[in-house]
Amino acid sequence: MIAFVLVLLIGLMTASISPAQAERAYHSGHYAEAYQLYQQALSEPDLAMGPLLYNLGNCTYRLGRHAEALHYYRRAQLRMPRDAELEFNLSLTERALGIDPRAPRTLIAVILAFIDRFAPAVLLVLASCLQALGLAGLLLLRAPRSTRRALALALLLGLALGAHLMQAQFFPSPPEAITLASKIQLRSEPHLDLPVTLEITAGETLLIEDMSDRWAHVVHSTGSGWTERPGIGLIW
Amino acid sequence: MKRAGTILCTTLAMSSFSAAQEQAYVQTLAEKSSYYVQEEITIRLRFGIEPSFLENKLIQPFRRHLDLPVQVEAVWLTTITGTAEFGPSFVLNGDRQVGQSYSDDRSYTAAQVETILRVAEPGELRLSSAVMRYAYADSFVEDLLGGRVPEGRHQAVSTGNELRLQIMPLPVAGRPLEFTGAVGEFSLRIEANPGTIEVGESFKLTLHLEGRGNLDSFDLPRLDRLTDFHLYGQIEERSAAGRKVTYDLAPLHSQVRVFPAIAFAYFDPNEPASYHRLLTEPIPLQVIAAAERPVRVSPPTVDRSLPRENDIFDIRRVPTEVTLVQAGNIPPALLVLTLLAPWLLAAGFWSFRRVQARIRSRPAVEPVRAEATSFKQRITAGNADLGDTLAAYLAARLGCQPAAVIAPDLDVRLIAAGIPRELATRCVATLDDFVEARFGGREAGQDGSSVCALIDLCEEHFSSRRREA
């Protein structure tokens with residue numbers, strides 16, 4: 001009877017993984033164990049994914065698997081876009097991988113990156129308010145020219161934000177991935193017999209253009225080609 | 001799956017034929033009387049017809065010719081394996097099939113089909129009797145139009161034997177720890193050529209498992225729990241001959257010298273039935289430490305003081321998920337409506353303002369009939385200034401302000417509005433009379449009744465013109 005109760009209790013305890021267990025393992029220096037526990041917690045439906053992925057990134061960073069850490073941090077960034085600590089960990093991981101995070105970007109890319117830090121609902125409300133303000137002011141007010149120009153600018157900003165949201169909704173960018181293996185090989189076609197056209201090191205960001213169950217067609221700043229899927233991690 | 005029992009002897013099944021069935025038979029056969037769980041069970045369905053009976057008596061059931069004009073029914077026969085490309089045709093479970101020719105010891109024209117079954121649980125597998133239906137005639141006559149026409153048609157049924165097989169559980173004694181349910185005969189080989197690799201660098205290892213058995217029903221060896229290696233992923237390919245899995249692995253430290261042998265266990269049900277354990281060859285590895293990379297740490301780019309400058313921040317508590325708006329979670333319809341809403345409101349407001357402006361730009365015009373009626377009412381009441389009210393009436397009809405009525409071109413405008421010239425001249429004269437009376441200090445020459453009559457005449461012409469319009 002006692003054995004039955006014990007088995008039942010053990011079963012109940014292990015039925016749902018508590019992040020507290022993983023937290024204790026992490027702080028005790030058992031990073032591999034913490035990683036396993038956080039991995040199991042991914043299947044729990046009620047836990048916040050952002051912090052979970054962030055902690056998985058920390059575990060893999062401690063284990064020296066920087067490419068995997070980068071992968072988890074990027075996935076967490078989708079859910080926590082304005083988290084300063086996450087951004088710092090991300091930049092530190094990129095430096096550990098030898099990736100230069102200060103690659104020059106166009107002004108538009110910088111602006112878009114800033115805009116994408118906000119939640120879509122916030123951007124939608126902002127776009128609607130700017131448009132409403134601009135339209136209301138231009139239609140209703142008999143304002144000086146400078147004020148009308150400011151209202152027109154607000155209207156244009158609202159239109160631009162709205163266009164960006166529509167583009168993200170109906171014409172989304174290709175998904176991104178991170179190179180997990182220390183080196184992946186790209187080929188012109190999805191066949192191992194073909195010669196390697198490009199090699200990409202761990203931690204690099206790729207755009208996914210096409211995917212099958214075994215291969216993925218990826219685009220990198222240095223080139224594109226087909227690579228086997230186990231070597232890359234999708235950011236989703 | 002079906003329950004199994006003790007197999008009936010074939011001779012017992014054969015002895016159950018009736019006299020009419022001596023020209024035809026149907027049998028269900030298996031190689032053994034007992035099998036193990038998940039073991040392949042080859043079931044053969046055989047049926048034959050005496051040649052002279054086939055040639056002279058049997059009637060084709062359908063327009064399309066069948067080599068064996070019979071309809072066989074076996075409810076457990078859902079998948080046929082190993083059919084011949086050119087064999088006798090017949091109908092099986094309602095579909096036309098081609099079987100394998102078979103020569104039995106009675107020189108019957110016979111055919112057989114095979115199927116492979118696997119039973120997942122121990123017990124008795126019972127396959128119900130197959131039934132063969134056919135029609136035969138006493139004789140045939142040749143008809144110029146219908147060809148060979150049967151005379152004296154009879155229906156016949158041949159019933160085969162019920163097959164019962166015993167399905168045994170796999171033995172527990174001697175079962176290897178690596179056993180995951182494979183039953184059959186298998187071979188295992190491994191391919192890998194890692195060479196010299198760095199810590200964390202991935203290499204590919206391919207496991208080939210070939211053989212005959214329940215290939216789809218067991219797990220292949222797991223490599224995700226090796227203490228010295230990390231498994232990035234694996235890709236599996238399956239074919240009729242076997243399974244191939246390619247693992248993407250990486251050593252975790254430079255002390256690794258060999259990739260260990262992979263064990264795979266299976267149960268061979270052939271006599272003597274026993275478990276077998278296969279081991280691959282260990283693969284030597286040369287692992288070197290990863291090259292030192294300078295970690296250039298710049299001050300964080302965020303504008304706040306941080307507790308660490310060359311190390312990551314600590315983990316954080318994982319709260320219960322609240323309703324978060326994640327990327328792309330806005331329904332498309334809501335997105336479009338919210339962006340269009342300011343424009344729709346603006347368009348509505350702009351339209352409203354245009355309508356208001358158009359109304360304001362027009363003179364305050366009462367319905368003219370009401371104006372005419374109210375004019376006459378005021379005349380009747382005796383408290384109206386005749387000149388002002390006449391001007392107001394004409395202004396309403398001309399669509400202008402009353403002050404604009406008194407003008408040199410009043411007669412022209414009245415004529416343009418549809419008033420005959422004489423009447424227009426009379427209106428102008430009447431109005432002038434009132435103006436002169438007001439400013440000349442004399443009595444007007446017109447009274448209320450004459451002005452009412454004038455108005456009535458004008459109304460008639462305005463109304464008729466409106467009707468014409």
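General observations
- At least 2 residues being surrounded by fewer than 16 Cβ atoms within 10 Å (Cβ to Cβ) is the threshold, and among the strands (runs of 3 or more DSSP E) wholly inside the stretch A:146-236 those reaching it are A:196-201, A:205-211.
- Of the criteria (1) in contact with an Asp or Glu (Cβ under 6 Å, 6 or more places away or on another chain); (2) closer than 29 Å to A:Gln36 by Cα; (3) surrounded by fewer than 13 Cβ atoms within 10 Å (Cβ to Cβ), which one B:Asp224 fails: (1)
- Of the residues contained in the stretch A:39-55, one or more are found to be within 18 Å of A:Gly233 (Cβ to Cβ) and touching a Pro at 6+ places or on another chain (Cβ under 8 Å).
- For B:Arg63, the conditions (1) in a strand (DSSP E or B); (2) free of Cβ contacts under 8 Å to residues at least 60 places away in the same chain; (3) not aromatic (Phe, Trp, Tyr) all hold with the exception of (1).
- Among residues of the stretch B:251-264 that are of a type in the set (A, V, I, L, M, F, W, C), those with a beta-carbon under 9 Å from a residue that is loosely packed, with under 13 Cβ neighbours inside 10 Å and assigned to a loop (DSSP other than H, G, I, E, B) at least six positions away or on a different chain give the pairs B:Leu252/B:Thr227; B:Ala261/B:Glu281; B:Ala263/B:Leu177.
- Condition broken by A:Leu157, with the remaining ones in (1) without any contact (Cβ under 8 Å) to a residue 12 or more places away in the chain; (2) more than 11 Å from chain B (Cβ to nearest Cβ); (3) under 28 Å from A:Ile108 (Cα atoms) satisfied: (1)
- Inspection of the stretch B:42-56 finds no residue satisfying the criterion of being free of Cβ contacts under 8 Å to residues at least 24 places away in the same chain, under 45 Å from the mean Cα position of the chain (by Cα) and surrounded by 12 or more Cβ atoms within 10 Å (Cβ to Cβ).
- Condition met for A:Leu198 (more than 30 Å from A:Ala69 (Cα to Cα), more than 10 Å from chain B (Cβ to nearest Cβ), at pLDDT below 90 and in contact with a strand residue (DSSP E or B) (Cβ under 6 Å, 6 or more places away or on another chain)): no
- Pairs, first under 30 Å from B:Ser34 (Cα atoms) in the stretch B:125-139, second among the aliphatic types (A, V, I, L, M) and part of a loop (DSSP other than H, G, I, E, B), C-beta under 6 Å, six or more apart: B:Leu125/B:Val119; B:Ala130/B:Ala74; B:Met132/B:Val70
- A:Asn55 fulfils the conditions (1) out of contact with any strand residue (DSSP E or B) (no Cβ under 8 Å at 6 or more places or on another chain); (2) crowded, with 16+ Cβ neighbours inside 10 Å; (3) modelled with pLDDT under 85 except for a single criterion, (3).
- For the stretch A:68-84, the criterion of being within 19 Å of the chain's Cα centre (by Cα), under 27 Å from A:Ser221 (Cβ atoms), crowded, with 17+ Cβ neighbours inside 10 Å and at the interface with another protein chain (Cβ under 8 Å from one of its Cβ atoms) is satisfied by at least one residue.
- Test result for B:Ile190, aliphatic (A, V, I, L, M) and out of contact with any Ser or Thr (no Cβ under 6 Å at 6 or more places or on another chain): no
- Among the candidates A:Leu92, A:Leu124, A:Leu133, residue that is surrounded by 14 or more Cβ atoms within 10 Å (Cβ to Cβ), under 30 Å from B:Arg353 (Cβ atoms), at the interface with chain B (Cβ under 8 Å from one of its Cβ atoms) and among the hydrophobic types (A, V, I, L, M, F, W, C): A:Leu124
The values are calculated or read from the model by the stated rules, or taken from the named source; none is laboratory data. Just so we're clear, the structure is a prediction, and the values are computed from it rather than from any experiment. Ideal geometry is used to build each Cβ from the backbone, glycine not excepted, and the neighbour counts take in all protein chains shown.
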